[in-house]
Amino acid sequence: MEKHTGDILHSPRITEKGAYLAEKGCYVFNVGKAANKGEIAAAIKAVYKVSPRKVTVARVPRKTAVVRGTNRTGMTAGGKKAYVYLKAGDKIELA
């Protein structure tokens, strides 16, 4: 069964670090836990019409957190993120 691009690319990670890296041609995305580098590169090419130079993947660990107001502990989601490097001159508009 072939994966849909929505199962691979979830959303761009809009953070200060992501904005800093975007100036240098590297974009950060939340991706599915089962996605691999080849699938991520193909999804970027299909959605944003640019071909990545390099893709690196990092796992985001689950963490315990205190829920505000109730003083109970919970867990953050965790997941996976991908750093997508583009050739000089290529850009992705993240709105």
Computed over the chain: longest principal axis from alpha-carbon atoms vs helix 37-48 long axis, angle to nearest 10 degrees, is 70 degrees
In this structure, the FRET efficiency calculated for K63 and D90 from their beta-carbon separation, with R0 = 30 Å, to the nearest 0.05, is 0.30
Take the chain, connect every pair of alpha-carbon atoms lying under 10 Å apart with a spring to form a Gaussian network, then pick out the residue of A82, A41, A58 with the largest mean-square fluctuation.
-> A58
How about the stretch 11-95: which trypsin sites (Lys or Arg not before Pro) there lie in a loop by DSSP and see at most 16 other Cβ atoms within 10 Å?
-> K24, K33, K49, R62, K63, R68, R72, K87, K91
Give, in nm to one decimal, the length gained when the segment between T70 and A42 is fully stretched (0.36 nm per residue of separation minus the Cα-Cα distance).
-> 5.7 nm
Lysine pairs in the stretch 5-86 with alpha-carbon atoms under 12 Å apart, 8 or more places apart or on different chains: how many are there?
-> 5
Residue order, fewest to most surrounding Cβ atoms within 10 angstrom, among S11, S51 | S11, S51
Scanning the chain for GluC sites (Glu not before Pro) in DSSP loops with at most 11 other Cβ atoms within 10 Å, what's the longest stretch left with none?
-> 3-92
In sequence order, what are the phi-derived ³J(HN,Hα) couplings for the stretch 77-94 according to the Karplus relation 6.51 cos²θ - 1.76 cosθ + 1.60 with θ = phi - 60°, rounded to whole Hz, with x for glycine and proline?
-> 6, x, x, 8, 10, 10, 9, 10, 9, 10, 5, 4, x, 7, 9, 10, 8, 9
Of the listed values [x] -0.43, -0.68; [y] -0.35, -0.62; [z] -0.89, -0.90, grab the one calculated as log10 I(q)/I(0) by the Debye sum over Cα atoms at q = 0.12, 0.16 Å⁻¹ from the structure here.
-> [x]
Out of G25, G74, G38, a Gaussian network model of the chain with alpha-carbon springs under 10 Å gives the largest mean-square fluctuation to G74
Taking K91 as the anchor, which aspartates and glutamates have their alpha carbon closer than 17 Å to its alpha carbon, excluding any fewer than eight residues away along the same chain?
-> E23
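Throughout, read-outs are computed from the coordinates displayed, never taken from laboratory work. Only a predicted model underlies this, so the values are computations on that prediction, with no experimental measurement involved. Quick reminder, even Gly has a Cβ in these numbers, built from the backbone with ideal geometry, and neighbours come from all protein chains shown.
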